[in-house]
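Peer 1: Below are the structure tokens for one structure; questions will follow.
The values are calculated or read from the model by the stated rules, or taken from the named source; none is laboratory data. No experiment lies behind these values; they were computed from the predicted model shown. Here the Cβ positions follow ideal geometry from the backbone for every residue, glycine too, while neighbour counts run over all protein chains shown.
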Amino acid sequence: MEITVQWIRTFWTKESRGGEGAARRNTAPIGFALPAAGTAASAHVIRMQESDGFEPYEAQEERGKVEVQLREVDGRLRVFPRVQPLFGLPPRPRRPPAVRLVPGQWVRWQLNYRFSSALGIRGWSYWLDTFNIAYGPVDADVFLSSPDVFIDEKGPLR
């Protein structure tokens with residue numbers, strides 16, 4: 001069965017924690033139209049950074065490089081993002097279980113992270129991972145709509 005993966009990573013610093021910077025960051029998309037050319041073994045990867053005004057940069061990467069476990073079992077797709085590195089996780093309750101998609105469904109799963117520089121010399125940096133994953137054939141604009149399953153695993157960033 002066809003599996004479509006889109007991975008969006010948004011980076012920012014303390015400068016975008018409030019005010020105009022946060023407003024710009026919060027308008028960054030969490031879903032994009034899929035590129036015309038793609039293969040079953042690749043993922044649509046988008047990176048956005050505060051330093052570039054959250055302008056999206058798109059690429060195709062091997063699906064195995066995406067930080068998510070995908071496994072087909074009994075006609076369903078098991079989806080479970082990996083969290084790495086663990087020291088970057090903000091406090092949050094225990095992780096939700098994996099999602100099992102039936103053909104025709106898709107999930108949006110969001111996780112956030114925060115980091116301090118070694119020795120705490122520089123300020124905090126943050127990132128948000130959004131995984132959009134569909135099971136079965138999809139249209140190019142599938143991730144512009146509402147997901148069948150939404151997992152918000154974001155924790156407080158302080």
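Peer 1: Strands (runs of 3 or more DSSP E) wholly in the stretch 12-117 with at least 2 residues that are over 18 Å from Phe143 (Cα atoms) and touching a helix residue (DSSP H, G or I) at 6+ places or on another chain (Cβ under 8 Å) - which ones?
Peer 2: Details: elements: 42-49, 57-62, 68-73, 76-81, 99-101, 106-115.
Where strands (runs of 3 or more DSSP E) fall fully within the stretch 12-117 and carry at least 2 residues being over 18 Å from Phe143 (Cα atoms) and touching a helix residue (DSSP H, G or I) at 6+ places or on another chain (Cβ under 8 Å), they are 106-115.
Peer 1: Looking at the stretch 92-116, I want the residues that are over 21 Å from Phe32 (Cα atoms) and have a partner that is assigned to a strand (DSSP E or B) and small (Gly, Ala, Ser) with Cβ atoms under 9 Å, at least 6 apart or on another chain. Which pairs are those?
Peer 2: Hits for this filter: Tyr113/Ser125; Arg114/Ser125; Phe115/Ser125; Ser116/Ser125.
Condition check ((1) touching a strand residue (DSSP E or B) at 6+ places or on another chain (Cβ under 8 Å); (2) on the phi > 0 side of the Ramachandran plot; (3) modelled with pLDDT of 95 or more) across all residues:
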residue: Asn26; (1), (2), (3): no, no, no
residue: Pro35; (1), (2), (3): yes, no, no
residue: Ser42; (1), (2), (3): yes, no, no
residue: Tyr57; (1), (2), (3): yes, no, yes
residue: Asp74; (1), (2), (3): no, yes, no
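Peer 1: Taking Asn132, is it modelled with pLDDT under 95 and within 24 Å of Gly64 (Cα to Cα)?
Peer 2: Values: modelled with pLDDT under 95: no; within 24 Å of Gly64 (Cα to Cα): yes.
So Asn132 does not fit the description; no.
Peer 1: Further, regarding this structure: Considering only the stretch 108-128, how many residues are surrounded by 20 or more Cβ atoms within 10 Å (Cβ to Cβ) and modelled with pLDDT of 95 or more? Can you show your working first?
Peer 2: Narrowing the stretch 108-128 to residues surrounded by 20 or more Cβ atoms within 10 Å (Cβ to Cβ): 108-109, 111-113, 126.
Checking the rest, the ones that are also modelled with pLDDT of 95 or more come to 108-109.
Going through the stretch 108-128 one residue at a time, the tally reaches 2.
Peer 1: Right, something else. If I ask for residues that are under 23 Å from Pro147 (Cβ atoms) and in contact (Cβ under 8 Å) with a residue 24 or more places away in the chain, which ones from the stretch 43-60 would you list?
Peer 2: Within the stretch 43-60, Ala43, His44, Val45, Ile46, Arg47, Met48, Phe54, Pro56, Glu58, Gln60 meet the criteria.
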